[in-house]
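Below: the structure, in structure tokens.
Here, each number is a calculation from the coordinates, and none is a lab measurement. Because the structure is a prediction, the values reported are computed rather than measured. A quick note on method: Cβ atoms are made from the backbone with ideal geometry, for glycine too, and the neighbour counts reach across all protein chains shown.
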Amino acid sequence: MKLLSWNIQWARGLDGRVDPGRVTDTIHRLGDFDVICLQEVAVNFPGLPGSQGEDQVAELSAGLSGYTPIYGVATDVPDRRGGRSLFGNAIFSRLPVGQVWRHLLPWPAESITPSMQRVMVEAVVTADIGPLRVMTTHLEYYSHQQRERQIDAIRRLHVEACAMSARNLRIEEQGGAFETFPRPKQALLCGDLNFPAAAPERMQILAPFTAGVPNFNDAWSVLHPGQVHAPTVGIHPVDFVDRPECFDYVFITDGLVSHLKAHGIDATTEASDHQPIWVELA
């Protein structure tokens, strides 16, 4: 299974031009991916710089034929024209997709710090190595406190999912709205997490769980132990970091570590203010 994760900044390149087609062309150039996780995907959001209010889920889907699109909305606000402006994260999978969840993450009020609602999209996919949960998110940029709360929530959701995986289904849960589909313990968490690799939030994600719950492992560190993370932002000039940093990650649970074969970062594209990253599991 090959998976790519990329904050596409609503398909806005460093040239200021919004072009979902350029995003999908870049993805195809980088490789043949089974699962594609994108952050900052907008629908009818003309207030974003460079946007004409595109339906980016539709336009990205058109360039990713054969993939199942799964969109998770974080921001859902009036567009002042009688419609809705949407902003969130998406998973595109050409692997079979089981149950899907869209988790709104905590958004505690802070009086002096700008912030926005965040979402984590979770989908069960069946890969050649077996079923696993793919989770993608985009954590708060401005507030360390909010990132901590959001990571706490992600860890609680992982514990909850593992408990569900061990539960026997009841007769009432077969068919209808109560039907429950398998929710495996093994998982992959990826996205723009908005902290550098030396930040305490990374260790918060990596903290051990209690017995029976598989831990998260940083895919980069699994393959490059002791090495500094390759940067995913600031390789090209941007206005939110003053030097190259790693803000984008893939974390995998214990049962997937032996399957991890590769981790890549494309440093060349300027189709967003972040660089795409990917992993291969086999």
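With Cα atoms defining each centre, the stretch 77-141 and the stretch 164-205 are spaced 13 Å apart in the structure.
Taking other residues whose beta carbon is less than 9 angstrom from the beta carbon of Leu3, and scoring Lys, Arg as +1 and Asp, Glu as -1, yields -1. Here the chain has an Rg and Dmax of 18.2, 57 Å, counting Cα atoms alone. Whole-Hz Karplus values for the stretch 141-149 come out as 8, 7, 10, 4, 4, 5, 4, 4, 5 Hz, taken residue by residue from phi with 6.51 cos²θ - 1.76 cosθ + 1.60 and θ = phi - 60°; glycine and proline positions read x. If you wrap the tightest convex hull around every Cα atom of the stretch 91-144 and split its volume per residue, you get 85 Å³. Working ranking of peptides 229-237, 179-187 by packing, defined as the average number of other Cβ atoms within 10 Å per residue, highest first, is 229-237, 179-187.
Taking a point 7 Å out from the Cα of Asp55 in the direction of its Cβ, the residues of the stretch 90-112 whose backbone N falls within less than 20 Å of it are 90-93.
Counting other C-beta atoms within 10 Å, and keeping those with at most 14, which DSSP coil trypsin sites (Lys or Arg not before Pro) do you find in the stretch 79-128? Mind dumping the intermediate values first?
Values: sites: Arg80, Arg81, Arg84, Arg94, Arg102, Arg118; in loops: Arg80, Arg81, Arg94, Arg118.
Here the sparse-neighbourhood loop sites are Arg80, Arg81.
Over all Cα atoms in the stretch 165-231, the spread is summed up by Rg and Dmax: 17.4, 51 Å.
Positive contributions from Lys and Arg (+1) and negative ones from Asp and Glu (-1), summed over other residues with Cβ under 12 Å from the Cβ of Phe195, come out at -4. Each Cα pair under 8 Å and six or more residues apart adds its separation to the average, and for the stretch 32-170 the resulting relative contact order is 20 percent. The base-10 log of I(q)/I(0) for the stretch 1-100, evaluated at q = 0.14, 0.18 Å⁻¹, reads -0.50, -0.81 [Debye formula, identical scatterers on Cα atoms, solvent excluded]. If R0 is taken as 22 Å, the Cβ-Cβ distance between Thr180 and Val159 corresponds to a FRET efficiency of 0.80.
With each label modelled as a point 7 angstrom along the Cα→C-beta vector, the Arg81-Ala198 pair spans 4.6 nm.
Between Asp128 and Asp242, the C-beta separation translates, for a Förster distance of 35 Å, into a calculated FRET efficiency of about 0.25. Sorted from greatest to least, the principal axis extents spanned by the alpha carbons of the stretch 86-179 come out as 50, 29, 25 Å. Averaging the sequence gap over all C-alpha pairs within less than 8 Å and six or more residues apart, then dividing by the number of residues, gives the chain a relative contact order of 20 percent. With the simple model of a label 7 Å out from the Cα in the direction of the Cβ, His144 to Leu104 spans 2.8 nm.
Report the rotationally averaged projected area of the stretch 55-135 based on its alpha-carbon convex hull, in square nanometres.
Numbers: hull surface 29.1 nm².
Projected area, direction-averaged: 7.3 nm².
Sorted on the mean count of surrounding Cβ atoms within 10 Å across their residues, most packed first, peptides 73-79, 215-221, 38-44 read 38-44, 215-221, 73-79. Over the residues of the chain, the helix contribution to mean residue ellipticity at 222 nm works out to -6000 deg cm²/dmol, using -39500 (n - 2.57) for each DSSP H run of at least 4.
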